[in-house]
1. Please arrange T18, T63 by counting, for each residue, the other beta carbons lying within 10 Å of its beta carbon, fewest first.
2. Can you count the Lys pairs in the stretch 2-107 with C-alpha separation below 21 Å, eight or more apart or on different chains?
3. Which three semi-axes in whole Å describe the equivalent ellipsoid of the chain, each the square root of 5 times a Cα gyration tensor eigenvalue, listed largest first?
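No value in this document is a laboratory result; all are computed from the given coordinates. Worth saying up front: this structure is predicted, and the values here are computed from it rather than measured. When we count neighbours, we look across all protein chains shown, and the Cβ atoms used for this are built from the backbone with ideal geometry, even at glycine.
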Amino acid sequence: MVTDLITTGKWMVADQLTVADMVDEILVRFETLDPCRKYMFIKWLHAHGCQVKNTVNVCEGLTAWLESMQHENIQWEYHLIMDEIGWWGNLDEQSLTKIMLADLARKGV
C-alpha cells in the first residue's frame, strides 16, 4: 500500500509538469551519467522508440517525441525514462562492462 501512495505522489508531481519541464528534468539526470552510461542509455532510448540517436539531439528528440503522445502516455514515459537513467547510474561497473562488451560483439567490433 505504501508504494501506491509513493507512486501516486510521484505521478501527481509529474502531472503538473509540462513537457519542457520533464525534458529539463530528464536532461539534468542524464548529465549525471558518465559517457559509457550515457551511450547505453541513448541506445536504450532509441530502441524504445524515441527518435533520439545521439547525445546531440536529446532535448529536441525527447521534446518532439513526448509532445506527440497522449497526456497519459507522456506521464508513463517520463517515469520510465527517469527510472531507466537511474538504473544505468546505479549499475555496477562489472555489469556495465559486460553489457558494453556484448554490444560491441553484436556490432562485430
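1. Values: T18 11, T63 17.
So the residues, fewest neighbours to most, are T18, T63.
2. Lysine pairs, 8 or more places apart or on different chains, close enough: 8.
3. Working: eigenvalues 137, 61, 27 Å².
Calculated on Cα positions only, the semi-axes equal 26, 17, 12 Å.
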